[in-house]
1. Looking at (1) touching a helix residue (DSSP H, G or I) at 6+ places or on another chain (Cβ under 7 Å); (2) within 23 Å of residue 201 (Cβ to Cβ), which is the one condition that is false for residue 101?
2. Are any residues in the stretch 322-352 more than 16 Å from the ligand (Cβ to nearest atom) and assigned to a loop (DSSP other than H, G, I, E, B), and if so, which ones?
3. Can you tell me which residues in the stretch 331-356 are farther than 20 Å from residue 407 by Cβ, surrounded by fewer than 24 Cβ atoms within 10 Å (Cβ to Cβ) and touching a helix residue (DSSP H, G or I) at 6+ places or on another chain (Cβ under 9 Å)?
4. (1) within 18 Å of the chain's Cα centre (by Cα); (2) under 18 Å from residue 110 (Cα atoms): which one isn't true of residue 324, the others all being true?
5. Scan the stretch 68-87 for residues that are out of contact with any helix residue (DSSP H, G or I) (no Cβ under 7 Å at 6 or more places or on another chain) and away from the ligand (no atom under 16 Å from the Cβ) and jot them down.
6. With surrounded by 15 or more Cβ atoms within 10 Å (Cβ to Cβ) and more than 16 Å from residue 178 (Cβ to Cβ) as the only criterion, which of 269, 230, 291, 262 stands out?
7. Being over 23 Å from residue 195 (Cβ atoms), assigned to a loop (DSSP other than H, G, I, E, B) and in contact with a strand residue (DSSP E or B) (Cβ under 7 Å, 6 or more places away or on another chain) is the filter here; which residues of the stretch 246-267 pass it?
8. Residue 323 versus (1) closer than 28 Å to residue 77 by Cα; (2) buried (at least 20 other Cβ atoms within 10 Å of the Cβ); (3) touching a strand residue (DSSP E or B) at 6+ places or on another chain (Cβ under 9 Å): which is the lone unmet condition?
Ligand code: CA
């Protein structure tokens, strides 16, 4: 399948203007010899090129080998994935007490490990989760936007995707996702269908459940029982469920009231703590994605959390609860003797949902969720592993959450199991995280909004070939358009202009445009052999 003309046009609008004359997008450009700007080298035909860092890779290999010799098994991997948490909500990123919701436990992870300042998610929930699970951009898996109840999905995206959980489960790991799934609830799309040994949580997103129970917020629906009945007739599973591979799904409790939703994350925390204890007892390495339901709207305080934050608002109380849960699960790791044998990664699946402001997430960057302005996709990224990751490190090296796929497989000792029949956009960043002076192996982050290639980050430069234009302040999702830029793409230096306020593409950064164009061409070329997928979420 060829790259569709729309995508080719999008990518090459930028490249063709600024790169040297290129005959056609069908040819992959010849890789240049590495230099200070273009540092990457090819890795294999189906893998994203990476910056070679042989010394740090050797250091990381030695650390992992020494640990395995000491413990006698592979290390655990724990990902804390918060929903819609902003870069600026966490204390060590400038939030915490200053925004009325201290985050001491998350801050402790950063102070005891590596704080990344250039971690990138996808612009919304489902795409980021798909990317972490597959190591592939959402346009390749077809999971390009949040799945909504009743969505006409015409093809199971998982039929030809491979998750990190499956590969790890097949190689001796116990794998679980706990909390929000949001990657499909039909047959073949549930967590245990795609490689997880266990799932405890719900399938959709908090706001889809609260829509039929919160009379004050959704009166058009809740005050009309016939509409509620119609809305709930889609067959969606409206319960917290528990599933284990090879066993029937168990409904744990229904989600009928706002109190039910308010206490979800407490249940999820209990399950994850139990999962960690069981894995420790069995001496089995685990891979656990703890996916909070908070702080996605609608936020209701769990028991004991109302007014617990200095701000006293539902959103800020939810941040405090999330931080407490991080502390509780970390304590479980410590109590079970797993602290020094577990790579912990803390992040958020996208930036603030500004449509819910003012009681919403905070980012110092431009705009929020749904956009590829920095506010939408630049998220907290903290790697913590006492004895393995040196405490107090900080880096602005690029880290795409896609990289968690390759990195998890490398830490689990099965980097050689990465599929070779598909394009993998992720990069193994284990050496970046583990070596004391590790640097990122990623040169470029590619940003998409659904099927539109919109922007890329290259070194400290960011360029947009399409922009999300928000027509009503704080309506990033509800009143935005995706628009082509004019003749020149918009270019910002994120060191001097982190809020992307003043493009200087032609007056100051013409010299950068050549490289940005080349990176666009290189990315476009990957779609020639490895096409995108449409599972029914694409707008016509
Ligand atoms: Ca989200």
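The values are calculated or read from the model by the stated rules, or taken from the named source; none is laboratory data. Because the structure is a prediction, the values reported are computed rather than measured. Using ideal geometry, Cβ is built from the backbone for each residue, glycine included, and neighbour counts are taken over all protein chains shown.
1. (2)
2. 336, 337, 338
3. Once the filter is applied, which keeps residues that are farther than 20 Å from residue 407 by Cβ, surrounded by fewer than 24 Cβ atoms within 10 Å (Cβ to Cβ) and touching a helix residue (DSSP H, G or I) at 6+ places or on another chain (Cβ under 9 Å), the stretch 331-356 yields 331, 332, 335, 336, 337, 356.
4. (1)
5. Those that are out of contact with any helix residue (DSSP H, G or I) (no Cβ under 7 Å at 6 or more places or on another chain) and away from the ligand (no atom under 16 Å from the Cβ): 68, 69, 70, 72, 73, 78.
6. Of the residues listed, the single one that is surrounded by 15 or more Cβ atoms within 10 Å (Cβ to Cβ) and more than 16 Å from residue 178 (Cβ to Cβ) is 262.
7. 255
8. (3)
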